[in-house]
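Just below is one structure, and these are the notes that go with it.
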Amino acid sequence: MAEPIRVVVTGAAGQIAYSLLFSIAKGDVFGKDQPIILILLDIPPMLPVLDGVVMELQDCALPLLREVIPTDKVEVGFKDIDAAILVGSMPRKEGMERKDLLKANVAIFKTQGAALDKYAKKTVKVLVVGNPANTNCLIASKSAPSIPKENFSCLTRLDHNRACSQVAMRCGVSSNNVKNVIIWGNHSSTQYPDVHHAKVNVSGAEKAAYDAVKDDAWLRGDFISTVQQRGAAVIKARKLSSAMSAAKAICDHMRDIWFGTKEGEFISMGVYAAGNSYGIPEDLIYSFPIQIKNKTWKIVDGLPINDFSRAKMDATAAELVEERDTALDFLSQ
């Protein structure tokens, strides 16, 4: 048996974590032969809830789970960790301006970035889920200067999975028959779900998504807005945000970091934009098409971009630049 790896989940008393922790502990993410020490980090008022989550994890009697450590202290939460899944963030409350939300989250992710810098392994892989995820991820990485920027990513896999599923349903195939969808930009309603490079396997034959769907108006209209607005639609229906699907996307994202992407396929991840070939401003966390090998991601370069895509990619970049500049103002205060 391998040595246990240490994995921290923040916001661990929340509903996304409740769907996520079981999958991690039973080996769906880091491998079926990889023992795990789970550290559950949350704010002090949530500690009694965490105790209940610990009891449940113990009661699952999972062979890979070596230890569960509940804590409200960053020095315990981030000590010697191999992977950090930062789910906890300040949610947007009614009447709250976006800049107020950003200010609250800058404080949280500055603290967590500094704690990663001080206590975590320098090889730690950090996934930011808490919204606004791209900018929170940028702040965390800037607050952890001794950890390579490439070790930070934010979650756009949920949007990617949503886009795959929409195309699959439209073509009457299962979602594993759709590949190379791209989510460009921000995990917000400006994101751009792009299927110009996607392939759909229909009855054993691989076709370009536009040829398989045969409805350009839908692909350029309702498809995009459905994926962009899906989170809001779930909240409207459930009166709660996406938890099960978010947890599944987190598992997909981290498993791909650990084990790599399939040959000839790419997925979507928010990563540091330095050195990209798409003209996206460099000091951003932006979602690109990504391939991963040996726990190292690279942006898939050189995909042809038409004018329709260009405009949408630039619009979501502009929103991220504005978010970043606002956040950096708060960071310097």
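The values are calculated or read from the model by the stated rules, or taken from the named source; none is laboratory data. The shown structure was predicted, so the numbers you read here are calculated from the model rather than taken from an experiment. In this analysis, Cβ positions are derived from the backbone assuming ideal geometry, glycine residues included, and neighbour counts consider all displayed protein chains. Protein only, heavy atoms only, side chains kept; ligands, DNA and RNA dropped before computing areas. Shrake-Rupley method; radii C 1.70, N 1.55, O 1.52, S 1.80 Å.
Roughly speaking, what is the stretch gain from GLN15 to GLU3, that is 0.36 nm per residue apart minus the C-alpha to C-alpha distance, in nm to one decimal? Let's see the in-between values first.
On the way: separation 12, 0.36 × 12 = 4.32 nm, distance 2.92 nm.
Residue separation times 0.36 nm, minus the Cα-Cα distance, leaves 1.4 nm.
Provide, as a two-decimal number, the C-alpha radius of gyration of segment 146-305 over 2.2 N^0.38 Å, N being how many residues it has.
The value comes to 1.02.
Please list VAL227, VAL202 in order of solvent-accessible area, largest first, computed with a 1.4 Å probe with all protein chains present. Please list the in-between numbers first.
On the way: VAL227 0, VAL202 40 Å².
Greatest to least solvent exposure: VAL202, VAL227.
What order do ARG92, ARG230, ARG157 take when sorted by accessible area (1.4 Å probe), most exposed first? Please list the in-between numbers first.
Numbers: ARG92 135, ARG230 90, ARG157 25 Å².
Sorted descending by solvent-accessible area, the residues read ARG92, ARG230, ARG157.
Through the Karplus equation 6.51 cos²θ - 1.76 cosθ + 1.60, θ set to phi - 60°, convert the phi angles of segment 87-100 into ³J(HN,Hα) values in whole Hz; use x for Gly and Pro.
8, x, 7, 6, x, 6, 9, 4, x, 7, 6, 4, 5, 5
Looking only at the chain, where both bridge partners belong to it, what percent of the DSSP beta bridges are antiparallel (to the nearest 5)? It would help to have the intermediate numbers written out before the result.
Details: 21 of 44 bridges.
Counting DSSP beta bridges with both partners in the chain, the antiparallel share is about 50 percent.
So if the hydrodynamic radius of segment 274-333 is defined as the Kirkwood radius over C-alpha pairs, what does Stokes-Einstein give as its diffusion coefficient at 25 °C and 0.890 mPa s, in µm² per second? Mind dumping the intermediate values first?
Values: Rh = 13.2 Å.
The calculation lands on 186 µm²/s.
Considering only protein heavy atoms, what per residue accessible area in square angstrom results for segment 94-220 with a 1.4 angstrom probe? Mind dumping the intermediate values first?
Details: 4920 Å² over 127 residues.
Value returned for segment 94-220: 39 Å² of accessible area per residue.
Roughly how many nanometres apart are two label points built 7 Å out from the Cα toward the Cβ at ARG238 and ALA208?
With each label placed 7 Å out from Cα toward Cβ, I get 3.6 nm.
Which FRET efficiency value, to the nearest 0.05, is calculated for MET96 and THR123 with the Förster distance at 30 angstrom and r the Cβ-Cβ distance? Intermediate values should be presented prior to the final figure.
Values: r = 37 Å, r/R0 = 1.22.
Computed FRET efficiency for MET96 and THR123 comes out at 0.25.
Can you give the accessible area per residue of segment 272-333, in Å², using a 1.4 Å probe? Don't skip to the answer; put the middle values down first.
Details: 3040 Å² over 62 residues.
In whole numbers, segment 272-333 has 49 Å² accessible per residue.
Within the set of other residues whose C-beta is less than 10 Å from the C-beta of ASP100, count the net charge using Lys and Arg as +1 and Asp and Glu as -1. If you can, show how the numbers build up before the last one.
Numbers: positive: ARG92, LYS93, ARG98, LYS99, LYS103; negative: GLU97.
With Lys, Arg at +1 and Asp, Glu at -1, the net is +4.
For segment 1-119, give the percent of accessible area contributed by carbon and sulfur heavy atoms, probe 1.4 Å, rounded to a whole number. Write out the running numbers ahead of the final one.
Details: 3230 of 5650 Å².
Solvent-exposed carbon and sulfur of segment 1-119 make up 57 percent of the total.
Specify the longest stretch of the chain that does not include any exposed loop site, a site being one of the GluC sites (Glu not before Pro) with a non-H, G, I, E, B DSSP assignment and at most 12 other Cβ atoms within 10 Å.
On the way: sites that count: GLU94, GLU97, GLU263, GLU282.
The reported range is 98-262.
Would you please calculate the Kirkwood hydrodynamic radius of segment 89-154 over all C-alpha pairs and express it in Å, rounded to one decimal?
Working: mean 1/r = 0.0840 Å⁻¹.
Result for segment 89-154 stands at 11.9 Å.
Tabulate in residue order the Karplus-calculated ³J(HN,Hα) for segment 223-233, using 6.51 cos²θ - 1.76 cosθ + 1.60 with θ = phi - 60°, rounded to whole Hz; enter x for Gly and Pro.
Values, residue by residue: 4, 5, 5, 4, 5, 4, 9, 4, x, 5, 5 Hz.
If the reach is capped at under 15 angstrom between alpha carbons, list the aspartates and glutamates near LYS207, excluding any in the same chain fewer than eight residues apart.
ASP215, ASP216, GLU265
Can you list the residues of segment 1-20 with backbone N under 13 Å from a point 7 Å past the Cα of ASP51, pointing along Cα to Cβ?
Under 13 Å, as judged by backbone N against the label point of ASP51, lies no residue of segment 1-20.
For segment 79-198, report the translational diffusion coefficient in µm²/s to the nearest whole number, using Stokes-Einstein at 4 °C, 1.567 mPa s, and a Kirkwood Rh over Cα pairs.
Working: Rh = 15.7 Å.
Roughly 82 µm²/s, to the nearest whole number.
Excluding PRO48 itself, calculate the net charge of residues whose Cβ lies under 12 Å from the Cβ of PRO48, where each Lys or Arg counts +1 and each Asp or Glu counts -1. All intermediate terms of the calculation are to be shown ahead of the outcome.
Working: positive: none; negative: ASP42, ASP51, ASP72.
Taking every other residue near PRO48 into account, the sum is -3.
May I ask you to work out the translational diffusion coefficient for segment 162-223 at 25 °C, viscosity 0.890 mPa s, via Stokes-Einstein with Rh from the Kirkwood sum over Cα pairs, reported in whole µm²/s?
211
Mind jotting down a quarter of the surface of the convex hull over the alpha carbons of segment 1-112, in square nanometres, one decimal?
On the way: hull surface 29.4 nm².
Its average projected convex-hull area is 7.4 nm².
Taking the chain as the reference, fit the longest principal axis to its C-alpha atoms, fit the long axis of helix 157-171 to the helix C-alpha atoms, and give the angle between the two in degrees, 0 to 90, nearest 10.
For helix 157-171, the angle is close to 40 degrees.
Mind checking the angle between helix 15-25 and the chain's longest principal axis? C-alpha axes, 0 to 90 degrees, to the nearest 10.
On a 0 to 90 degree scale, this one is about 80.
Of all the C-alpha pairs in the chain, what % are more than 30 Å from each other?
Details: 18084 of 55278 pairs.
When every Cα pair of the chain is considered, 33 percent fall beyond 30 Å.
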